[in-house]
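Below: the structure, in structure tokens.
The values are calculated or read from the model by the stated rules, or taken from the named source; none is laboratory data. Since the structure is predicted, the reported quantities are computational estimates derived from the model, not experimental observations. Here Cβ is always computed from backbone atoms with ideal geometry, including for glycine, and neighbour counts include all displayed protein chains. Protein only, heavy atoms only, side chains kept; ligands, DNA and RNA dropped before computing areas. Shrake-Rupley method; radii C 1.70, N 1.55, O 1.52, S 1.80 Å.
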Amino acid sequence: MTALANPSTQTQPILRACNVHKSYGNNEVLKGIDLEIAPSEVVAILGPSGSGKSTFLRCINRLEEINKGFIEVEGEQIGYTLRNGKLLALTNSQVAAQRSKMGMVFQAFNLYPHMTVLQNVIEAPIGVHGVKRAEAVRVATELIAKVGLSDKLNAYPRQLSGGQQQRVAIARALAVQPKILLFDEPTSALDPELVGEVLSTMRDLAKQGLTMVVVTHEIGFAREAADRVVFMDGGHVVEQGTPDQVLSNPQHPRTKAFLGRFL
Amino acid sequence: MTDAPHAIASPVTAPTAAPHRNGSDDALRDVAGAHLPIPKTKVLLWLVVLLFSCDFLFGVSQNPNFGWPVVADYFFSRTVLDGLIVTMSLAVVSMIIGVALGLPIAIGRMSSDPLARGLSGAFVWFFRGTPLLVQLILWYNLSILFPQISLSIPFGPTLAAWNSNDVITPLTAAIIGLALNEAAYMAEIIRGGLLSVERGQMETAEAFGMKRMRALRRIVIPQAMRTIVPPTGNQFISMIKATSLVSVIAMADLLYSVQSIYNRTFEVIPMLMVAVLWYLFITSVLSVFQSMIERYYARGDQQRVVFEKVETPAVTVETKEATQ
Ligand SMILES: Nc1ncnc2c1ncn2[C@@H]1O[C@H](COP(=O)(O)OP(=O)(O)O)[C@@H](O)[C@H]1O
Ligand SMILES: [Mg+2]
């Protein structure tokens, strides 16, 4: 754990974001984000609504293009390649290949409604990673068991509760054996009594050494499961550190104000 | 007697029953054993409608002016069946080409590339904006406009050339005309379908590294089908009837065939009844197919209805939450 608390000096980071700027028209949403994430690190991103947390996650897997700075995953720049001293934009299929290294879990689950639970989970392994069907089904069945939904293999998403849908979405993201897992407020669309089951699934993943970036409003989860807490406000990283530092002893007035609301 | 004694008495006599009731008829009140009231007005309406319909149908069947024996004679005649085959194959082939062309045109219209958007927009604008009859006549008379059709590099050498009169027969003119017209309408229907699928679905597929075409094929189009199928059924039925227009370019479709018979025998109404019955038969068969296809593409939803009926209340609660 001590190694993780001080990531950049030990190993090559899995994710490196450098001076990332992003604007929608005249509205600058990200104003220079710098962030490094080490292998197996679990980073919780907190911050008020509209501070650019979702936008930052979407920039990481290039659902949005950034305007300035760069983002690297495993040392490979997302969306561009440096050739003979010139930075060239990648083609759509090259970007697709880069994205296939990441798994994403959305606030609204975004399961494919016309596919069963099993079909949802095996879709990317077969279609993107070229895994043989039998193998994909074997792995998917294991993952679905791990999130506790073995009895729902052939159910359609609409037959499941929100919590169950989100656990399927997590299994789907795990099935591509991602180098990094991105969560965008995975429990915000859930009824309060269903939040626990999803958080406990995520806690298990954190213990298994997956690299995770979790945008969340669950302070309890951040405190227990995260190695590092990053607080964002107004398109900046305002403060970061261990959960203890940031959550129990915040330094910046805006962090204090934000956390004050959860007391 | 006022309400007050009841309120006090009820917990004693029937502890589980609701207050303010004396509880003796509680078993009868169980809605599981309820009967529906007899819908008197509805029954009456049904009877009246049935009576009028039977009378009308009987009248029609007994009416000598319809010439039912003539209808029966010609229903399976060679000429009529040939016309039927022409109508059906024209409709099917044009529809297939129309859908196959309509899909890329729909995708082109939604593309971020101005060239793709412009070309597909122009296609829809022209073929939807001019009468099909005129389009058919223009295709049929293509040789007047372009005596030669040639494959060549723009402003460069010609690679291959054909005489327009050899290429354009009534059949090819009919297929080209119907198919291109159909493609324009199908493109708009398909575009509507694609737009009806929630944006997050394409994004999710892309976030998992799916290429756009695969995401369209596996994720977006199957969901769009629910919106696309019903108007496509409509289009197909219109197409079957629109094929009657090809008689102007000397194609012997179903309508043209019965006309050729009554021009000889002067049995106009019976021959038109032959055509009407065949058209109704085809469209009925198609409707059955259509509802089968619709049920297939509704599977994510359809299952839910079945599920709610069969499963326990606990599960019904969950499905309600799922719709959030
Ligand atoms: N597609 C978009 N077009 C224009 N503005 C957007 C878009 N997406 C997000 N924004 C704006 O970016 C800001 C940050 O949004 P977001 O990243 O979703 O914040 P958070 O996830 O922290 O609540 C908001 O002000 C929002 O209005
Ligand atoms: Mg957000």
*From (1) within 16 Å of ligand 1 (Cβ to nearest atom); (2) in contact with a strand residue (DSSP E or B) (Cβ under 8 Å, 6 or more places away or on another chain), pick out the condition that doesn't hold for A:GLY25.*
(2)
*Is there a residue being at the interface with chain B (Cβ under 8 Å from one of its Cβ atoms), under 16 Å from B:GLY300 (Cβ atoms) and either touching a His at 6+ places or on another chain (Cβ under 6 Å) or open to solvent by 20 Å² or more (accessible area, probe 1.4 Å) (or both) anywhere in the range A:136-155?*
no
_Here are the criteria: (1) modelled with pLDDT of 95 or more; (2) over 18 Å from A:GLU41 (Cα atoms). Tell me which single one A:LEU182 does not satisfy._
(2)
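Report yes if B:ALA100 is surrounded by fewer than 15 Cβ atoms within 10 Å (Cβ to Cβ) and in a helix (DSSP H, G or I), otherwise no.
yes
Quick check on A:ASN61: is it within 22 Å of A:GLU239 (Cα to Cα) and away from ligand 2 (no atom under 14 Å from the Cβ)? Walk me through it before giving the result.
On the way: within 22 Å of A:GLU239 (Cα to Cα): no; away from ligand 2 (no atom under 14 Å from the Cβ): yes.
When the stated conditions are applied, A:ASN61 does not pass them.
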*Starting from residues that are closer than 19 Å to B:ILE175 by Cα and among the polar types (S, T, N, Q), keep the ones in the range B:122-157 and report whichever is least open to solvent (accessible area, probe 1.4 Å).*
B:GLN135
*asked:* Filter the range A:21-49 down to the residues that are open to solvent by less than 10 Å² (accessible area, probe 1.4 Å), over 20 Å from A:LYS179 (Cα atoms) and away from ligand 2 (no atom under 16 Å from the Cβ) and list them by number.
replied: none
*Return the total of residues in the range A:205-216 being away from chain B (no Cβ under 14 Å) and surrounded by 18 or more Cβ atoms within 10 Å (Cβ to Cβ).*
8
*Pair list, Cβ < 7 Å and 6+ apart or interchain, from the range B:23-34 residues that are of a type in the set (Gly, Ala, Ser) to residues that are open to solvent by less than 100 Å² (accessible area, probe 1.4 Å) and assigned to a helix (DSSP H, G or I)*: B:GLY23/B:SER10; B:GLY23/B:THR13
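Among the residues of the range A:215-263, how many are away from ligand 1 (no atom under 13 Å from the Cβ) and in contact with a His (Cβ under 6 Å, 6 or more places away or on another chain)?
Residues that pass the stated criteria total 1.
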*Quickly run through the range A:90-108 and pick out the residues that are out of contact with any strand residue (DSSP E or B) (no Cβ under 8 Å at 6 or more places or on another chain) and either within 7 Å of chain B (Cβ to nearest Cβ) or at pLDDT 95 or above (or both).*
A:ASN92, A:SER93, A:ALA96, A:ALA97, A:ARG99, A:SER100, A:ALA108
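Inspect the range B:112-119 for any residue being of a type in the set (Gly, Ala, Ser), under 32 Å from the mean Cα position of the chain (by Cα) and open to solvent by 60 Å² or more (accessible area, probe 1.4 Å) and give the result as yes or no.
For the range B:112-119, residues of a type in the set (Gly, Ala, Ser), under 32 Å from the mean Cα position of the chain (by Cα) and open to solvent by 60 Å² or more (accessible area, probe 1.4 Å): present.
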*From B:ARG295, B:ARG264, which residue is within 14 Å of chain A (Cβ to nearest Cβ), outside any loop (DSSP other than H, G, I, E, B) and modelled with pLDDT of 80 or more?*
B:ARG295
*How many residues does the range A:222-253 contain that are closer than 23 Å to A:ASP191 by Cα and within 16 Å of ligand 2 (Cβ to nearest atom)?*
1
*Residue check: is B:LEU255 among the aliphatic types (A, V, I, L, M), part of a helix (DSSP H, G or I) and under 20 Å from B:GLU294 (Cβ atoms)?*
no
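Within the range A:143-161, does at least one residue satisfy the condition of being within 27 Å of B:MET225 (Cα to Cα), hydrophobic (A, V, I, L, M, F, W, C) and in contact (Cβ under 8 Å) with a residue 60 or more places away in the chain?
Our first condition is that a residue be within 27 Å of B:MET225 (Cα to Cα); within the range A:143-161, this holds for A:152-161.
Still in the list and also hydrophobic (A, V, I, L, M, F, W, C): A:153, A:155, A:160.
Of the ones still in play, those that are also in contact (Cβ under 8 Å) with a residue 60 or more places away in the chain are none.
Checked against the condition, which is being within 27 Å of B:MET225 (Cα to Cα), hydrophobic (A, V, I, L, M, F, W, C) and in contact (Cβ under 8 Å) with a residue 60 or more places away in the chain, the range A:143-161 yields no hits at all.
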*How do the pairs read when you match residues in the range B:37-65 that are under 24 Å from B:LEU277 (Cβ atoms) with residues anywhere that are assigned to a helix (DSSP H, G or I) and not hydroxyl-bearing (Ser, Thr, Tyr), using Cβ under 7 Å and keeping only pairs 6 or more apart or on different chains?*
B:VAL60/B:PHE66; B:SER61/B:TRP68; B:ASN65/B:ILE269
*For A:ARG261, all conditions in the list (1) at pLDDT 90 or above; (2) of a type outside the set (Phe, Trp, Tyr); (3) surrounded by fewer than 16 Cβ atoms within 10 Å (Cβ to Cβ) hold save one; what is the number of the exception?*
(1)
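Answer yes or no: is there a residue in the range A:112-127 that is away from ligand 1 (no atom under 16 Å from the Cβ) and away from chain B (no Cβ under 12 Å).
Narrowing the range A:112-127 to residues away from ligand 1 (no atom under 16 Å from the Cβ): A:112-127.
Imposing the further condition that a residue be away from chain B (no Cβ under 12 Å) reduces the set to A:118.
Yes, some residue in the range A:112-127 is away from ligand 1 (no atom under 16 Å from the Cβ) and away from chain B (no Cβ under 12 Å).
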*When the residues of the range B:42-92 are filtered to those that are part of a loop (DSSP other than H, G, I, E, B) and exposed (fewer than 14 other Cβ atoms within 10 Å of the Cβ), which remaining residue is modelled with the highest pLDDT?*
B:PHE76
*Taking A:LYS53 and the conditions (1) touching a Lys or Arg at 6+ places or on another chain (Cβ under 9 Å); (2) more than 21 Å from B:MET210 (Cα to Cα), which numbered condition does it fall short on, given that it satisfies the others?*
(1)
*Do you know which residues across the range A:96-119 are away from ligand 2 (no atom under 16 Å from the Cβ), open to solvent by 20 Å² or more (accessible area, probe 1.4 Å) and more than 17 Å from A:LEU210 (Cβ to Cβ)?*
A:ALA97, A:ARG99, A:PRO113, A:LEU118, A:GLN119
*asked:* Just checking: which of the helices (runs of 4 or more DSSP H) contained wholly in the range B:155-234 hold 2 or more residues that are of a type in the set (S, T, N, Q) and within 13 Å of chain A (Cβ to nearest Cβ)?
replied: B:199-207
_Pick from the range A:63-89, criterion open to solvent by less than 40 Å² (accessible area, probe 1.4 Å) and within 14 Å of another protein chain (Cβ to nearest Cβ), ranking: nearest to ligand 1 (Cβ to nearest atom)_ = A:GLU64
_Residue that is farthest from the other protein chains (Cβ to nearest Cβ) [pool: residues in the range A:156-204 that are of a type in the set (Asp, Glu) and in contact with a Gly (Cβ under 7 Å, 6 or more places away or on another chain)]_ = A:GLU197
